[in-house]
Amino acid sequence: MNLDSLPKGGVNKGMVLPLIFQCPQDCICQSSLPKIWYHKKCGQPSFISEYGDIFCCNHLEDCSGYFIQNAYFQCRKAKKSNTWYQHNQFSKLLMALSQAISVAENTLEANNVHHFTKNLLKSLHQRWHN
């Protein structure tokens, strides 16, 4: 799905990137390779806003967005055992998000990468312990 075709409103605010990062460290696969993540309910690709919200193209209809701290992930290997994992430590989440920012460096202009990163870090800092 093209970023420009995502429905605006709800949690789709500000800059948005495809959600591409690694599995949580405690995942059974032990992979550090970046993956494209899909929404559990509908199977559509997930995106992350500069405010740390994860959502899919159906976020205004059937699916809801959520803050990344509340997100659970399941790769193909974890799916075999129906196990879900979470980036439950702030530092580990930041390491995983560095991959999403790396993707942004390849698709956005430098000023936009700076803007996305600054706002994401600010939002994570403000919302993580609230």
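Might you check whether a residue that is part of a loop (DSSP other than H, G, I, E, B), of a type outside the set (D, E), within 26 Å of K8 (Cβ to Cβ) and in contact with a helix residue (DSSP H, G or I) (Cβ under 9 Å, 6 or more places away or on another chain) occurs anywhere in the stretch 44-51? Yes, the conditions are met somewhere in the stretch 44-51. The conditions of being at pLDDT below 90 and either closer than 16 Å to H87 by Cα or in contact with a Gly (Cβ under 7 Å, 6 or more places away or on another chain) (or both) are not met by S49. Filtered by the rule that a residue be surrounded by 15 or more Cβ atoms within 10 Å (Cβ to Cβ) and either in a strand (DSSP E or B) or within 14 Å of the chain's Cα centre (by Cα) (or both), the stretch 76-94 gives Y85, Q86, H87, K92, L93.
Total residues in the stretch 108-130 satisfying the condition of being surrounded by fewer than 11 Cβ atoms within 10 Å (Cβ to Cβ) and part of a helix (DSSP H, G or I): the figure is 2.
The values are calculated or read from the model by the stated rules, or taken from the named source; none is laboratory data. All values reported here derive from a predicted model rather than from experimental measurement. With ideal geometry, Cβ positions are generated from the backbone for all residues, glycine too; neighbour counts draw on all protein chains shown.
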